[in-house]
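Heads up, the thing below is written out as structure tokens.
The values are calculated or read from the model by the stated rules, or taken from the named source; none is laboratory data. The structure presented is a predicted model; accordingly, all values stated were derived computationally and were not measured. Ideal geometry is used to build each Cβ from the backbone, glycine not excepted, and the neighbour counts take in all protein chains shown. For accessibility, only protein heavy atoms count, side chains too; no ligands or nucleic acids. Shrake-Rupley method; radii C 1.70, N 1.55, O 1.52, S 1.80 Å.
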2 protein chains.
Amino acid sequence: MTGNKKPREPSALAYTFIPIATLHTCFAEKFGIPRQMNLAAAATGRLVFHPRFSDTDAVRHLEGFSHVWLVFVFHRAMGNTWSPMVRPPRLGGNKKVGVFASRSPFRPNSIGISAVKLETVEHTGQGPVLHLSGVDILDGTPILDIKPYVPWADTITDATGGFAAERPSPGLRVVFSAAAREQSRQMADQIPDLAAIITQVLQNDPRPGYQSGFSASLPKNYDKIRYKTYGIRLFDVDVKWQVMNETALVLSIEPMASPGFEP
Amino acid sequence: MTGNKKPREPSALAYTFIPIATLHTCFAEKFGIPRQMNLAAAATGRLVFHPRFSDTDAVRHLEGFSHVWLVFVFHRAMGNTWSPMVRPPRLGGNKKVGVFASRSPFRPNSIGISAVKLETVEHTGQGPVLHLSGVDILDGTPILDIKPYVPWADTITDATGGFAAERPSPGLRVVFSAAAREQSRQMADQIPDLAAIITQVLQNDPRPGYQSGFSASLPKNYDKIRYKTYGIRLFDVDVKWQVMNETALVLSIEPMASPGFEP
């Protein structure tokens, strides 16, 4: 965010909301999160209500809906300033649009909405837990509200979509090195879906848009570039990969020794 | 709301948001508002930004999207209590579901979301004004956020919808009495779309579900019932109608002498 930053001031007109739940997901950091919901079906979420809102009655008949809207706080984007224009990754990160023409987390009110698949409603001794898939939300995100996705109202078949009209095509083929395949196999007990999550996350090509095929043509010296190694943290696992032409090669999948540890 | 009411307590974990805009609509009262967006296309809204957020840059390229999400405060529903279960009008008002399985305004955090049609972005001396249609939101509603409706992400074609799966069929034929037709004609200068708005609002049968054909069969003495006269306020106009079989007869359309005035 640069340029015309605006302060967030307190106001007599302010509304205060209290999170009802916390969402637990595989996305330990912002980098790598799919740029909309339902791009990575294997990316699951576990929604745990806070004690005051943990009431079986409050979710009664919710299981009849295949999808739910989550209204949540972009808690890592809460700050003191916002900019009227942002650079959406879909435009390569180098073209600006108005903040209200984007789904950017950096907005005057740091509220996000996301429609995710409702897999099951589990009833535990501590209250209901929602099991979700297709999530695009950071681990630990505070949830303000849950609403059913109402197909006849929320599915607007004649809607047209500006600069983000097309679903991004799965950009990359994903291949695991022998070492990464073995590491994934060893972790299958703790994280059964790890290989599927990695595949779906990397298919969507989380690199900044200006480095991917979405908006830029290949540089002339493309074949002479040393391939950059990217890293992403999923759960407590550090995944490293390189991109060659249209293929993401997963190099390694290693448990993190400590948060932020770099070997 | 009855039963197991929950207090809203202040909390250290609370998040505070400041409205960025106010939405002006024809719906002066809750009764009559369509029970989802896009049921009354003629119901328009004018979104006026508050001075601090009134910035042409912030809506740049928004006009490329046909629809936008409004994230808003159910400001008339802000209160001190909420109930884990609510009675949605779609179920006749006499069956309860969990509050998170409903779009009811009476929820732990009084936040609503609604996808409405973006007609135009007007640039005025006081900043941008969004002209919207298909709104289902009260006049004067505080707007917390505006986001583009992204068709490939927000249109979930395989979503299934629990108890609200089907779009409510336009329930009623709408007929204007000669008097109402003349009154509507006289007001056409001030409110050109008034007859269309009345028609679309009454087609959706705003009566409580248990009185409409959605869930109840006709009582045996139906033809002996004295038809009840209903009233609804749209803008500053008082509309009166009766329902006979599947027809809404508009009796009168009168400017309100003063807010809440009853002749």
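On association of chains A and B, roughly 7300 Å² of accessible area becomes buried (total for both chains; probe 1.4 Å). With 24 Å as the limit on Cα-Cα distance, the pairs of A:Lys96/A:Lys240; A:Lys147/B:Lys30; A:Lys96/A:Lys228; B:Lys30/B:Lys228; A:Lys228/B:Lys147; A:Lys117/A:Lys240 that go past it are A:Lys96/A:Lys240; A:Lys96/A:Lys228; A:Lys228/B:Lys147; A:Lys117/A:Lys240. For the pair A:Ala178 and A:Glu119, a Förster radius of 35 Å applied to the C-beta separation gives a FRET efficiency near 0.60, rounded to the nearest 0.05. Kindly state, to the nearest 0.05, the FRET efficiency for B:His131 paired with B:Ala14, given R0 = 41 Å and r defined as their beta-carbon distance. Efficiency at R0 = 41 Å is approximately 0.75. Across the stretch A:26-184, counting alpha-carbon atoms alone, Rg and Dmax equal 17.6, 50 Å.
Placing a label point 7 Å from Cα toward Cβ, how far apart in nm is A:Ala188 from its equivalents in the other copies, listed shortest first to one decimal? Spacings between copies for this position, smallest first, are 7.4 nm.
Annotation: amide H-H contacts under 5 Å for A:Trp82 (H modelled 1.01 Å from N, sequence separation of 5 or more, or interchain): A:Lys6.
With its label point put 7 Å out from Cα toward Cβ, B:Thr22 sits 3.9 nm from the same residue's point in the other copies, in order from shortest. Given axes a ≥ b ≥ c from the Cα gyration tensor, I'd like to know whether the stretch B:114-198 is rounded (a/c under 1.5), prolate (a/b larger than b/c) or oblate. Verdict is oblate for the stretch B:114-198.
Less than 5 angstrom separates the built amide H of A:His67 from those of A:Leu118, A:Tyr149, B:Thr160, all sequence-distant by 5 or more or on a different chain.
Estimated at 0.36 nm per residue, the fully extended path between B:Ala41 and B:His75 surpasses their Cα-Cα distance by 9.9 nm.
With a cut-off of 18 Å on the backbone N, the residues of the stretch A:17-36 near the modelled label site 7 Å out from A:Val48 along Cα-Cβ are A:19-29. The simple Förster model, with R0 at 35 Å and r as the Cβ-Cβ distance, assigns B:Arg185 and A:Thr160 a FRET efficiency of 0.45.
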